[in-house]
Amino acid sequence: MIIGPSGSGKSTLARALGAKLGLPVIHMDPFYFKPGWDQRPRAETDAMAVAAAQGEAWVFEGNNSSTFDARAARADLIVVLYLGRWRCFWRVIRRTLRYYGRSRPDMAPDCPEHFDKAFLIDWVLNYDTHSLPKAEALIVRWGGKRAILRLSSASEINAFAADPQKAFAKIDLPAAPR
């Protein structure tokens, strides 16, 4: 289970881990939107995420704090990414430019990338205010029940993606994670 602010590299890390570990990757963003950026009702988004988390094995990336516990209950490891607000901001700008006018691979179909000032302010620059406390609460609730790996630099994230088995060997996993 990978969480962190927009632009921290959740989707990229999830794809790399899925490929290295031979696991399906589940992205949270397509649960939020139908084609054309039509936002799903919150209950529908939550139900989709909880149902997806019931899969046998996966790499699940995305926030949606209302489903944190359902996903954590099925996870062997919770990976928390945090690169700082300004670095994430510039990474979101770069991602927007890269995919501008096209749907990202981790987004719902027919949701072309565009500049969204409210998103940049609310979900990227204000992550520390509205979402980080929820992530920290998750860590407190699940600490000791699940292994938690905090990565706070691109080099740490890249090293984990390159050799997740090596990183797993260094993590003190709680007994019987599920």
Q.
Looking only at segment 141-156, filter to residues that are in contact (Cβ under 8 Å) with a residue 24 or more places away in the chain and touching a strand residue (DSSP E or B) at 6+ places or on another chain (Cβ under 9 Å); which one of those is surrounded by the fewest Cβ atoms within 10 Å (Cβ to Cβ)?
A. Arg150
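Just the residues that are assigned to a strand (DSSP E or B) and of a type outside the set (Val, Ile, Thr), please, taken from segment 32-61. Let's see the steps before the verdict.
To start, the set of residues in segment 32-61 that are assigned to a strand (DSSP E or B) comprises 33-34, 38-39, 59-61.
Answer for segment 32-61, where residues must be assigned to a strand (DSSP E or B) and of a type outside the set (Val, Ile, Thr): Phe33, Lys34, Asp38, Gln39, Phe60, Glu61.
Yes or no, residue by residue, for (1) under 27 Å from Gly22 (Cα atoms); (2) in a helix (DSSP H, G or I); (3) without any contact (Cβ under 8 Å) to a residue 24 or more places away in the chain:
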residue: Arg102; (1), (2), (3): no, no, yes
residue: Met107; (1), (2), (3): yes, no, no
residue: Asp122; (1), (2), (3): no, yes, yes
residue: Ile139; (1), (2), (3): yes, yes, no
residue: Asn158; (1), (2), (3): yes, yes, yes
Q) Of everything in segment 160-178 that's in a helix (DSSP H, G or I) and within 20 Å of the chain's Cα centre (by Cα), which residue is modelled with the lowest pLDDT? A) Phe168
Q: List every residue pair whose Cβ atoms sit under 8 Å apart, with the two residues 6 or more apart in sequence or on different chains, where the first one lies in segment 43-58 and is more than 14 Å from Gly18 (Cβ to Cβ) and the second, anywhere, is of a type in the set (S, T, N, Q) and surrounded by 18 or more Cβ atoms within 10 Å (Cβ to Cβ).
A: Thr45/Asn64; Asp46/Asn64; Asp46/Thr67; Ala49/Asn64; Ala49/Thr67; Val50/Thr67; Ala53/Thr67
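The values are calculated or read from the model by the stated rules, or taken from the named source; none is laboratory data. Keep in mind the model is a prediction, meaning the values are calculated, not measured. Neighbour counts are summed over all protein chains in view; Cβ atoms, including those assigned to glycine, are modelled from backbone coordinates with ideal geometry.
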